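> There's a structure below that I have some questions on.
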Amino acid sequence: MTKIVILTGSPHTPGTSQLLADKFEKGARLNDNQVYRYDAGLQGNNSPHYLQLEEAPGMEVGIPDNDLIEKEVIPKLLEAEIVVLVSSMYYFGINAQLKAVIDRFYDYNHELKDKHSVVLISGYGSQDDVAAIKLHMKKLQEYMRWPSLGDIYAEDSWNQKKLQKFAQKAYEIGKSIKGEY
Ligand SMILES: Cc1cc2nc3c(=O)[nH]c(=O)nc-3n(C[C@H](O)[C@H](O)[C@H](O)COP(=O)(O)O)c2cc1C
């Protein structure tokens, strides 16, 4: 049984990146893996994403008692073997809501190292348009020492036929996850 954390960022539902996440999750659950999913873009206003940089002078930001990231998401991430980052492409980058969760890794950078990862991105444009986001995510995977088990950069998300193919690929990646990591 593998512990998997899925973090999604899009505020759009039903959405194209949500479809990739759903299919991945469906595949991953076939093998009795333990899946925790946090849809950052779909949280209400009661779950603000505060930036916590305790080590950085001048960045004193309070974390409320009910902070879900601190209380639930980070503990799940710490024990996860695989982290799945899912986003749509917004202005050549990832969704702000997912980035706000990633920024919270900072206090746990060291403990979060050496897992595996999957990146699922959807965007309206071409492969050329996803170049910047691809570089960003690859750098993040390298920095966190999270080798990839398969990434999808789904261009032309308006094209249902293409999107379904990418969704099937996400399902296959999910299904391939079993055993020790
Ligand atoms: C605010 C915003 C910014 C976007 N920026 C880009 C972009 O830079 N490049 C691109 O190809 N598509 C862009 N899109 C289109 C989305 O990436 C595309 O519609 C995607 O399928 C949305 O996925 P979702 O339904 O999971 O949010 C943008 C859409 C929105 C709403």
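> I want the antiparallel fraction of DSSP beta bridges within the chain, as a percent rounded to 5.
Within the chain, antiparallel bridges account for around 5 percent of the total.
> Something else now. Report the net charge of residues surrounding Glu81, where surrounding means a beta-carbon distance below 9 angstrom and charges are Lys +1, Arg +1, Asp -1, Glu -1.
0
> Set Lys and Arg Cβ to +1 and Asp and Glu Cβ to -1, take the dipole of the range 3-175 about its Cα centre, and tell me which of Gln160, Gln127, Val101 lies farthest positive.
With unit charges placed on the Cβ atoms, the residue in question is Gln160.
> Tell me which residues come under 5 Å, amide H to amide H, from Ala154 once H is placed; ignore anything under 5 positions away on its chain.
Correct list: Ile121, Ser122, Gly123.
> So what are the ³J(HN,Hα) numbers for the range 107-119, from phi and the Karplus equation (6.51, -1.76, 1.60; θ = phi - 60°), rounded to whole Hz, Gly and Pro as x?
Using θ = phi - 60°, the values come out as 5, 10, 2, 5, 5, 7, 5, 6, 10, 10, 9, 9, 10 Hz.
> At q = 0.13, 0.19 Å⁻¹, what base-10 log of I(q)/I(0) does the Debye formula yield for the chain when every alpha carbon is treated as an equal point scatterer in vacuo?
Listed by q, the Debye log ratios stand at -0.63, -1.34.
> Moving to a separate point now. For a Förster distance of 30 Å, can you work out the FRET efficiency between the beta-carbons of Lys165 and Tyr143, rounded to the nearest 0.05?
With R0 = 30 Å, the Cβ-Cβ based efficiency is 0.50.
> When only Cα pairs under 8 Å and 6 or more residues apart are kept, what is the percent relative contact order across the chain?
It rounds to 32 percent for the chain.
> Something else about it: Projecting each Cα onto the charge dipole of the range 3-175 (Lys/Arg +1, Asp/Glu -1 at the beta carbon, about the Cα centre), which of Thr16, His116, Pro147 comes out farthest on the positive side?
Farthest towards the positive pole: Thr16.
> Say each of Glu172 and Asp128 gets a label point 7 Å from the Cα, pointing the same way as Cα to Cβ; how far apart are those two points in nm?
Reported label-point gap for Glu172 and Asp128 is 2.7 nm.
> Additional query: Dipole size in debye (nearest 20) for the chain around its Cα centre, Lys and Arg Cβ +1, Asp and Glu Cβ -1?
860 debye
Here, each number is a calculation from the coordinates, and none is a lab measurement. It should be emphasised that the depicted structure is a prediction, and the values quoted were computed from it without experimental measurement. FYI the Cβ positions are ideal-geometry reconstructions off the backbone, even for glycines, and counts take in every protein chain you see.
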